[in-house]
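Remarks on the structure that follows.
Please treat every number below as a calculation from the coordinates, not as lab data. Note that this is a predicted model, so its numbers are computed, not measured. With ideal geometry, Cβ positions are generated from the backbone for all residues, glycine too; neighbour counts draw on all protein chains shown.
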Amino acid sequence: MSSVSISPLLKVVIPMASQSSPRQTLQEVFGYGEFRPQQEEIVETLISGRDAFVLMPTGGGKSLCFQIPALHRAGVAIVVSPLISLMKDQVDALVVNGVRAAFYNSSLKAAEARQILAQLHAGELDLLYVAPERLLSEDFLDRLKGLQVALFAIDEAHCVSQWGHDFRPEYVQLGKLKQLFPDVPMIGLTATAGNLRCNR
């Protein structure tokens, strides 16, 4: 899908998938016949409002683990992604499938950014992809406090590791989201957990 060029401002209005089952959404929106191992359990976990951490190989279907719940929970799903190119590829693919998705990052012109924010506040987005630096800005967090957030998805979660070459300091600060939005489920996803260390 990365070869498809679609404006992030394209507005495609489809009913939220809450009236169908996750399996129906998988088939009707994303075109897959069956879930891969563990996908359905993760999807149900998020839909029910619980947190999850997902370690899957590249190409294992991590994105569906939060994209489907985003269509089954009220509000907008905020997806944290470290790379503009990754945001664009995922948003392009979602829009092709009729999902109301957009990205909000430094690649947008001022008018485009204003339009995305207008869609966000009008409840016209199911998923919004943002960089951690943008998400953690005081202005953006204040915006979210006035909205219904379906879930937070932290893609490339290995960027939190100070021992890895992909370390992003802002990822360490994402823990404040749980303090500010304690009732919003959160999912962290990575294909590279070898460098992750947990403090006890």
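Quick rundown of the values:
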| read-out | value |
| --- | --- |
| Dipole magnitude of region 21-190, debye to nearest 20 (Cβ charges: Lys/Arg +1, Asp/Glu -1, about Cα centre) | 180 debye |
| Relative contact order of region 21-190, defined on C-alpha pairs under 8 angstrom at six or more residues apart (%) | 29 percent |
| Whether region 21-190 is rounded, prolate or oblate, judged on the alpha carbon gyration tensor where a/c under 1.5 counts as rounded | rounded |
| Lysine pair number, Cα distance threshold 24 Å (strictly under), region 21-190, separation 8 or more or different chains | 6 |
| Packing-based order for 174-185, 114-125, 145-156, using average beta carbon neighbours within 10 Å, highest first | 145-156, 114-125, 174-185 |
| FRET efficiency for Leu117 and Glu138, using Cβ-Cβ distance with R0 set to 22 Å, rounded to 0.05 | 0.90 |
